[in-house]
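Scroll down for the structure; my scribbles are underneath it.
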Amino acid sequence: MNNIWRNFIRPIFRGLYRNTQGLLGFLYDYRRFVLYSGWKENLYDSQIRNYNLAMAYHGLEKSLSYKKRNKKSGWSNARRVYERLKKAHETGHFGYHDIASSQVLSKFLTLPENIENKQSKEMLDFINDLGLVSDEDHGSINLSFEEITLGKLNKPEMFFLSRYSLREYSSNGKVDLRTVERVVRMAMKTPSVCNRQEWHVYHTDDRSIMDTTLSYQNGNKPFGNKIPNLFIVSVDLKAFFSGFEHYQHWIDGGLFSMSLIYALHSLGIASCPLNWSQTPKADKAIRKAIEIQDNHTIIMMIGFGYPDGKNKVCSSTRRPLEEVLTNLQNR
Ligand SMILES: Cc1cc2nc3c(=O)[nH]c(=O)nc-3n(C[C@H](O)[C@H](O)[C@H](O)COP(=O)(O)O)c2cc1C
């Protein structure tokens with residue numbers, strides 16, 4: 001009887017339970033996508049319009065960046081930018097991507113091959129009337145070999161292989177806000193789909209907020225109550241329009257999280273990623289307990305702080321390279 005239970009009945013129940021959990025998770029994520037993503041493309045919502053504009057003007061940026069650009073390309077994106085800027089004008093509110101896009105569009109329209117086009121005058125007049133000013137150089141820039149390889153490390157292995165997840169930190173202090181901002185600024189150089197930059201990171205060093213937050217997370221015992229600083233990494237669902245993009249926020253959020261971890265590491269600050277592979281119930285509960293915007297999907301958390309003089313970590317050795325790397329050959 002014991003064997004029948006162990007070998008047949010239990011696996012069936014376990015399989016049903018796990019797959020039901022998966023299905024409920026998918027349905028919850030799908031509901032969130034329907035409720036909060038930008039699929040309706042309501043361009044009067046400033047955030048949705050800005051993400052949507054990033055897609056269009058990034059197309060123009062790419063067109064401007066090719067060494068030998070196709071002189072006929074870019075017009076559909078130019079019109080998309082123009083239409084969206086008209087919406088921004090109607091609302092009277094200009095966000096980051098609105099402003100960047102007007103500069104990129106202007107650069108596109110004033111290319112020698114485009115300036116005489118009859119559409120250019122109408123669009124340029126409109127942009128000039130808007131008078132949006134940015135102190136950044138949007139569009140395309142030139143970089144020398146030296147400039148583009150500035151990040152080359154003398155001993156890259158030393159950087160990568162010295163990062164460990166640390167769970168117990170020095171009790172000497174928290175990471176101050178200026179340093180936290182520096183870390184986030186560095187991580188913001190992470191690539192994102194069409195440069196939408198749809199991440200949002202919540203930070204706290206408040207013990208009671210951390211304790212509340214971590215009470216919903218299942219991997220921080222027994223060290224969570226001593227973590228000095230905590231990031232909750234999230235991604236804004238408003239940035240996604242097509243149904244094909246329903247997984248994109250996990251990807252962009254994962255990349256951003258890794259950048260935060262390496263940015264911390266580059267400053268000698270240790271961290272521990274904390275999963276948010278959670279049930280819909282826990283996700284709803286944490287949103288009630290702390291102020292996370294409904295449209296922000298929590299990707300993961302990261303505990304961080306300064307290491308001690310002496311530390312103990314999991315060695316967490318890595319699999320052989322052959323199990324990870326496949327060199328594809330032409331058959
Ligand atoms: C997305 C993600 C979630 C994780 N969640 C937890 C967690 O909840 N608790 C924990 O102690 N470690 C967590 N970790 C840390 C992993 O256990 C650790 O990265 C792994 O063992 C490799 O060790 P290393 O980071 O020291 O190289 C997580 C790591 C990742 C990437």
Taking springs between alpha-carbon atoms closer than 10 angstrom, which of Arg31, Arg178, Arg318 fluctuates most in the Gaussian network model of the chain? Arg318
Mind running the shape call on region 153-305? Use the C-alpha gyration tensor, a ≥ b ≥ c as the square roots of the eigenvalues: rounded below 1.5 for a/c, prolate if a/b tops b/c, oblate otherwise. oblate
On a full-extension model of 0.36 nm per residue, what is the gain between Asn327 and Met186, subtracting their alpha-carbon distance, rounded to one decimal in nm? 47.5 nm
Could you state the accessible area per residue of the chain in Å², with a 1.4 Å probe and every protein chain left in place? 63 Å²
hull vol. (C-alpha, convex hull) per residue for region 1-57, Å³ -> 88 Å³
So what's the angle, to the nearest 10 degrees on a 0 to 90 scale, between helix 46-65 and the longest Cα principal axis of the chain? 70 degrees
Rounded to the nearest whole number, the per residue volume of the convex hull around the C-alpha atoms of the chain in Å³ is 228 Å³
Euclidean distance between Cα centres, region 156-213 to region 254-331, Å: 10 Å
Relative to the present Cα-Cα distance, how much length would full extension add between Tyr30 and Tyr247 at 0.36 nm per residue of separation? 77.1 nm
Added length on full extension, which subtracts the Cα-Cα distance from 0.36 nm per residue, Tyr44 to Leu153: 34.7 nm
Using DSSP to call loops (not H, G, I, E or B), can you name the GluC sites (Glu not before Pro) in region 134-182 whose Cβ has at most 11 other Cβ atoms within 10 angstrom? Glu136
Tell me the volume per residue, in Å³, of the convex hull enclosing the alpha carbons of region 52-98. 58 Å³
Mind ranking Ser234, Ser277, Ser316 by accessible surface for me, highest first, 1.4 Å probe? Ser277, Ser316, Ser234
Longest the chain segment clear of chymotrypsin sites (Phe, Trp or Tyr not before Pro) sitting in DSSP loops (not H, G, I, E or B) with at most 12 other Cβ atoms within 10 Å runs 67-246
Compute the relative contact order of region 46-130 as a whole-number percentage, counting only Cα pairs closer than 8 Å that sit 6 or more residues apart in sequence. 34 percent
Degrees, to the nearest 10: 96-109 long Cα axis against longest axis of the chain: 40 degrees
Quick check on region 92-148: take the gyration tensor over C-alpha atoms, sort the square-rooted eigenvalues as a ≥ b ≥ c, and tell me if it's rounded (a/c under 1.5), prolate or oblate. oblate
Out of Gly59, Gly243, Gly303, a Gaussian network model of the chain with alpha-carbon springs under 10 Å gives the largest mean-square fluctuation to Gly243
Nearest-0.05 FRET efficiency for Arg10 and Leu111, computed from C-beta distance (R0 56 Å): 0.25
Over region 1-94, what is the relative contact order in percent, taking alpha-carbon pairs closer than 8 angstrom and at least six residues apart? 24 percent
Can you give me the Cα centroid spacing of region 39-66 and region 127-155 in angstrom? 19 Å
Pop out the carbon and sulfur fraction of the accessible area of region 49-189 as a percent, whole number, probe 1.4 Å. 52 percent
Relative contact order in percent for the chain (Cα pairs under 8 Å, 6+ apart) equals 21 percent
Once amide H atoms are placed 1.01 Å from N in the peptide plane, what residues at a sequence separation of 5 or more from His200, or on another chain, have their amide H within under 5 Å of its amide H? Ser234, Val235, Asp236
Where is the GNM fluctuation largest for the chain (alpha-carbon springs, 10 angstrom cutoff): Leu214, Leu105, Leu321? Leu321
For a test of the definition: using alpha carbon positions, the gyration tensor, and the 1.5 limit on a/c, classify region 46-130 as rounded, prolate or oblate. oblate
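The values are calculated or read from the model by the stated rules, or taken from the named source; none is laboratory data. Note that the coordinates shown come from a computational prediction; the quantities given were computed from them, not determined experimentally. Neighbour counts run over all protein chains shown; Cβ positions are idealised from the backbone, glycine included. Accessible surface is based on the protein model in full, side chains and every heavy atom, while ligands, DNA and RNA are left aside. Shrake-Rupley method; radii C 1.70, N 1.55, O 1.52, S 1.80 Å.
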